[in-house]
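Q: What follows is a structure written as C-alpha cells; I'll ask about it next.
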Amino acid sequence: MPDLLWDDVRNFFDPDLMGALPDVSVAGTSVEDWQAVFDLVRSSGWAWEYMEGGVAGALPSAVEVLKRPADAETVALQVWPVPGVLAIFWPMAAEEIDFDVDLRELQGQTGVDVLCRLLTVLGRRLGKPVAMTASGDYGNPVLGFDPAADRVVLMADPKLIQLI
C-alpha cells in the first residue's frame, strides 16, 4: 500500500498552490551526511549529473564541495531517480541538505509514489526526517519521511492549504 494517496494529497502536488519547485530538506546534517547522499546517488543506479558553474563534471567528495569558498561557482547535483523526474540537490552548507523537485513531473499516484520512494530512501540512509514545504515557506512542512514511522507521513492538512 502506498504511503500517501493522490486523492488525499493532490493539493500538496499542485504547482499553483505549492509553487512548482517546493523545498525539500534534511536539517541537522553534517559533511558525513552529504557524503552519504553522494554515495547513495553513485550506487543507486539513478541517472545524475554534477554541475559546477553550469559545467558538468565528476562528483567530488562532500568535503571538497562543502569547503569551497563562499564566492565560488554555484554547484548542483541533478538526480533523476526515475526517468522524467528531476531532483536538484544544492550542497551549500553541511548543516542542511536542500533539494528541489518539480511538482509538474510528479502528478497522479505515480508521482506521489516516486516522491515517497525518494524521501524514504534518503531518510533511511541518513536516519533523519526529510520534510517538504511549499516553495519559500520554510519551517512549515506539509509532508515528509518520519524515521520513527519508517514512512512518508502528512505534516499538515492538505485541505487547509490556500492560495498564497
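The values are calculated or read from the model by the stated rules, or taken from the named source; none is laboratory data. Keep in mind the model is a prediction, meaning the values are calculated, not measured. Neighbour counts run over all protein chains shown; Cβ positions are idealised from the backbone, glycine included. Side chains are part of the model used for accessible areas, which takes the heavy atoms of the whole protein and leaves out ligands, DNA and RNA. Shrake-Rupley method; radii C 1.70, N 1.55, O 1.52, S 1.80 Å.
Q: Do we find that A94 is under 22 Å from S135 (Cα atoms), of a type in the set (A, V, I, L, M, F, W, C) and either out of contact with any Pro (no Cβ under 9 Å at 6 or more places or on another chain) or surrounded by fewer than 15 Cβ atoms within 10 Å (Cβ to Cβ) (or both) in this structure? Show your work before the answer.
A: Working: under 22 Å from S135 (Cα atoms): yes; of a type in the set (A, V, I, L, M, F, W, C): yes; either out of contact with any Pro (no Cβ under 9 Å at 6 or more places or on another chain) or surrounded by fewer than 15 Cβ atoms within 10 Å (Cβ to Cβ) (or both): yes.
For A94, the condition - under 22 Å from S135 (Cα atoms), of a type in the set (A, V, I, L, M, F, W, C) and either out of contact with any Pro (no Cβ under 9 Å at 6 or more places or on another chain) or surrounded by fewer than 15 Cβ atoms within 10 Å (Cβ to Cβ) (or both) - is met.
Q: Is it true that some residue in segment 83-91 is crowded, with 20+ Cβ neighbours inside 10 Å and assigned to a loop (DSSP other than H, G, I, E, B)?
A: Yes, segment 83-91 has at least one match.
Q: Which ones in segment 37-47 are touching a residue at least 12 places away in the same chain (Cβ under 8 Å), part of a helix (DSSP H, G or I) and open to solvent by less than 70 Å² (accessible area, probe 1.4 Å)? Break it down into steps so the answer makes sense when it comes.
A: So in segment 37-47, the residues touching a residue at least 12 places away in the same chain (Cβ under 8 Å) come out as 37-38, 40-42, 44, 46-47.
Filter once more, so that each one left must be part of a helix (DSSP H, G or I): 37-38, 40-42.
Selection gives V37, F38, L40, V41.
Q: Got a number for residues in segment 46-66 being charged (D, E, K, R) and over 20 Å from the mean Cα position of the chain (by Cα)? Please lay out each step first, then the result.
A: In the first step, residues of segment 46-66 are kept if they are charged (D, E, K, R); the result is 49, 52, 64.
From what's left, over 20 Å from the mean Cα position of the chain (by Cα): 64.
So the count comes out to 1.
Q: Further, regarding this structure: Of all residues in segment 1-33, count the ones that are closer than 14 Å to L143 by Cα and of a type in the set (V, I, T).
A: 3
Q: Of the conditions (1) out of contact with any helix residue (DSSP H, G or I) (no Cβ under 8 Å at 6 or more places or on another chain); (2) open to solvent by less than 40 Å² (accessible area, probe 1.4 Å); (3) in contact (Cβ under 8 Å) with a residue 40 or more places away in the chain, V114 satisfies every one except a single condition; which number is it?
A: Condition (3) is where V114 drops out.
Residue-by-condition table, conditions (1) over 23 Å from W6 (Cβ atoms); (2) assigned to a strand (DSSP E or B); (3) not hydrophobic (A, V, I, L, M, F, W, C):
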residue: E49; (1), (2), (3): yes, yes, yes
residue: D71; (1), (2), (3): yes, no, yes
residue: P81; (1), (2), (3): no, yes, yes
residue: V114; (1), (2), (3): no, no, no
residue: L118; (1), (2), (3): no, no, no
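Q: Still on this structure, I have one more. Of all residues in segment 11-36, which are among the aliphatic types (A, V, I, L, M), open to solvent by 10 Å² or more (accessible area, probe 1.4 Å) and out of contact with any Lys or Arg (no Cβ under 8 Å at 6 or more places or on another chain)? Quick ask: steps written out before the conclusion?
A: Here is the first cut: in segment 11-36, the residues among the aliphatic types (A, V, I, L, M) are 17-18, 20-21, 24, 26-27, 31, 36.
Next cut, open to solvent by 10 Å² or more (accessible area, probe 1.4 Å) only: 17, 20-21, 27, 31, 36.
Within segment 11-36, L17, L21, V31 qualify.
Q: List the number of the failed condition for L77; all other conditions in (1) within 21 Å of R42 (Cβ to Cβ); (2) surrounded by fewer than 20 Cβ atoms within 10 Å (Cβ to Cβ) hold.
A: All conditions pass for L77, except number (2).
Q: Can you find even one residue in segment 50-63 that is of a type in the set (D, E) and surrounded by fewer than 16 Cβ atoms within 10 Å (Cβ to Cβ)?
A: No: zero hits.
Q: On to the next question. Looking at T120, T133 in this structure, which one is of a type in the set (S, T, N, Q) and buried (at least 20 other Cβ atoms within 10 Å of the Cβ)?
A: On the way: T120 fails: buried (at least 20 other Cβ atoms within 10 Å of the Cβ).
Criteria check complete, one pass: T133.
Q: Of the conditions (1) farther than 23 Å from G136 by Cβ; (2) modelled with pLDDT of 95 or more; (3) touching a strand residue (DSSP E or B) at 6+ places or on another chain (Cβ under 7 Å), A36 clears all except one; give me its number.
A: (3)
Q: Let me ask another. Going residue by residue through segment 15-24, is there one that turns out to be assigned to a strand (DSSP E or B), under 17 Å from R117 (Cα atoms) and at pLDDT 95 or above?
A: There is at least one residue in segment 15-24 that is assigned to a strand (DSSP E or B), under 17 Å from R117 (Cα atoms) and at pLDDT 95 or above.
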